[in-house]
1. Measure off 7 Å from each Cα along the Cα-to-Cβ vector at residue 649 and residue 352, then give the distance between these two points in nanometres to one decimal.
2. Can I get the semi-axes of segment 641-695's equivalent ellipsoid? Compute them from the C-alpha gyration tensor as square roots of 5 times the eigenvalues, in angstrom, largest first.
3. Would you work out which of 799, 738, 720 lies farthest towards the positive end of the dipole of segment 702-825? Charges go on Cβ: Lys and Arg +1, Asp and Glu -1.
4. Any chance you could run the full-extension gain for residue 819 through residue 623? It's 0.36 nm times the residue separation minus the Cα-Cα distance, nm to one decimal.
5. From the phi angles alone, apply the Karplus equation (6.51, -1.76, 1.60; θ = phi - 60°) to segment 770-777 and give each ³J(HN,Hα) in whole Hz, x where the residue is Gly or Pro.
6. Can you work out the FRET efficiency for the pair residue 163 and residue 712, with r the C-beta to C-beta distance and R0 = 51 Å, to the nearest 0.05?
7. Subtracting the Cα-Cα distance from 0.36 nm times the residue separation, let me have the gained length for residue 512 to residue 592 in nm, one decimal.
8. Just check segment 446-515 against the gyration tensor rule for me: Cα atoms, a ≥ b ≥ c as the square roots of the eigenvalues, rounded for a/c under 1.5, and otherwise prolate or oblate depending on whether a/b exceeds b/c.
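The values are calculated or read from the model by the stated rules, or taken from the named source; none is laboratory data. Please read all numbers here as calculations on a predicted model, not as lab measurements. Here the Cβ positions follow ideal geometry from the backbone for every residue, glycine too, while neighbour counts run over all protein chains shown. Note: accessible area is taken over every heavy atom of the protein model, side chains too, but ligands, DNA and RNA are not part of it. Shrake-Rupley method; radii C 1.70, N 1.55, O 1.52, S 1.80 Å.
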Amino acid sequence: MVSTLSGIRFPLLPSAYNSNNNSASLHSSFNGDRRTSSLSLFLTNSSFSRKIFAGNSSYDSDSSSLTVAASKKVLVPDSQSDGSSSVTQQLEAPGTVSEDPQVLEDVDNVAMEDDKKVEDEAKKSDVPSLDAGNVDGTEARGEETPHPLDGTVSTAKKNATQKSILPPGNGKKIYEIDPLLVGFRDHLDYRYGQYKRLREEIDKYEGGLEVFSRGYEKFGFTRSAEGITYREWAPGAKSASLIGDFNNWNTNADVMTRNEFGVWEIFLPNNADGSPPIPHGSRVKIRMDTPSGIKDSIPAWIKFSVQAPGEIPYNGIYYDPPEEEKYVFQHSQPKRPKSLRIYEAHVGMSSTEPKINTYAEFRDDVLPRIKRLGYNAVQLMAIQEHSYYASFGYHVTNFFAPNSRCGTPDDLKSLIDRAHELGILVLMDIVHSHASNNVLDGLNMFDGTDSHYFHSGSRGYHWMWDSRLFNYGSWEVLRYLLSNARWWLEEYKFDGFRFDGVTSMMYTHHGLEVAFTGNYSEYFGLATDVDAVTYLMLVNDLIHGLYPEAVSIGEDVSGMPTFCVSVQDGGVGFDYRLHMAIADKWIELLQKMDEEWQMGDIVHTLTNRRWREKCVAYAESHDQALVGDKTIAFWLMDKDMYDFMALDRPATPRVDRGIALHKMIRLITLGLGGEGYLNFMGNEFGHPEWIDFPRGAQHLPNGKIVPGNNNSFDKCRRRFDLGDANYLRYHGLQEFDQAMQHLEETYCFMTSEHQYISRKDEGDRVIVFERGNLVFVFNFHWSKSYSDYRVGCLKPGKYKIVLDSDEKLFGGFNRIDHIAEYFTTDGWFDDRPHSFLLYAPCRTAVVYALVAGPAKD
């Protein structure tokens, strides 16, 4: 299986495609009972221990090149007094939300516009673009029909009153937060002006962001009491038919009609006995005649897709189980914790066995482990469907569908519900930065053009990732992505997102071969993709407006100012930035002996973040665990991990050093690195080796062969048994990580306003800092231990040890007496008003807590 396919061309069936889409000759005379030819993929009532069965599709394929430009249009109906609508106009920028010269000229006026005017405009604008028409969708075929999305907004309007999003602010507070931004006011005001213009146009033409973000209620498959309506935006297609098991893949059976804006639609009435025309679990696709030939595609808004055994292409699945089989959430979502301790996980590779794990197994086996370890959030990777497993979930093919390898949508809901029962937030690693290049299963060349959802030409292609890049200036792309974010929060009860690849989105150079130095001109200039940044502002508006407890984290390596400032104040709107520089610094240092490490360099990297912009720190994530890289444990201990991790034999000096530094690196990252912390599953106990997804040999066009691993799962799993085995040194590392998380839970030091670094001694190799009521002491020296070592502190009184990396339970040498109490003396030391004496063994980290104030006379 490969992630990029050049294209597909299916046998041409001239009788199925007529250039006159409104001709009666196009409409189906298929009158058979759809149930008799349908094949359900859900044959039993069990969870995903059941095998998803799918037969071979009734078509063949060969490859062809797909290259043509698409037309793009936006749906804008007029309101009528009876609640119906007719399509009368098109938005000024029909398919794009690109930069307008007039807006450039008047940007200051736009940016300074009174908030009340925006709010009033939103109130006046009571006409969403998808309103009106026959609610049952049963208009006579062959007649002139109303707008193809008629009848879907009555419900939307009803629900719109339940949730609301605040109107834009004036976006000026960023200049108070950081006066240096004033020098780039033209760019920032223009950016905010674009954002406000979008909000106004969405209010005016779509009924507001709340309605606009529910595109899944209009597009794709929607069920009503009378039947099923299917809609798809595919302006490049010349004709389209809905095909699947339900109609024996008959191209002539269910031919779709198109409106002037490129939206295709078909209504399928219920069967005579009232049963749905498409059975739950049956396969569906849309067959289109495109400028590049006939092609079958999985519907863009599909909610589930599977790969049948022995087949390469995926099939879209009509997923609509009976009410009695639908999963019903039992537990409320936890409140957002003050500090985030995130366990990054991949469900498929979470088994100790060499296999793909399921949502149910993760729910039952891994979630209790996460709770016990002391993490309060789990970040799930690879949730959106991706046809290429080895892409780690980052080459998404079906954006609304959960990864079918691990189970059904209801199985995923059960996992999330169990996490909520345990008080664990569930964050989703969402990919809106790019899409799979796969033409067969994904959005690429969906309607036969390369500019449908993406930029055309080189701007729409990421040369390093071999993937397609969204056109964030397209109205329908905005609808699709905003609705996608809303879908996962609404339908699955995710508690927030970690947005992948945000740096690639925000700059036209995608951060490739660019070294960000911190000069503001690198962030606010011609290289900035303003369309992408305004999309991020919109999606953060949506998340925080409709789900105030939801968490939004952005993966940005550039350090863009205002990234974690609210949209109302002029920022991009994320809650946290991933502090990616920390992991890079540790990899840099681990390639040297620790004798060469500079304490000031470590401290600077850990604390180099913007004021009032929160960060999630991590020593290593999944990136460092992938094949071709090394985990921190493997950098430190290398091949000695294979033979010297058992407690019944002596450790080597390399193992002793590695275990000591592994704990210190993680604790100082947690202690100084940010307001949140992240760990990739298994790394808490120093998981050996790397991650290598099953893959076969790859034959390159130049004739070279890249060897595979015989499609082995051996390195695509997590050996939790190693961390649990109390006879192995891995166990000590796991126990330390657990103690570290519970320490933060108890003292909440990551979010304490008090942080002070009192010592970074290059000679002693000692770092001392305060955070909250805790004093952290790190001795990185490889051989020197210090008796009666004085450290400064702010608060006087009695201190006791609350965490000691040298404790025997954690694989240490037990050199410190935990019964000892430490009393402060007055007098300035290291710029602190008080101090106390302690013992600091080499390669240890010890945390002291204030347990009592000064004794009274």
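1. In this crude label model, residue 649 to residue 352 measures out at 2.1 nm.
2. 24, 19, 8
3. 720
4. My answer for the length gained is 66.5 nm.
5. Residue by residue, segment 770-777 yields 10, 8, x, 9, 10, 10, 9, 10 Hz.
6. Rounded to the nearest 0.05, the efficiency is 0.60.
7. Once the chain is fully extended between residue 512 and residue 592, it gains 26.2 nm.
8. oblate
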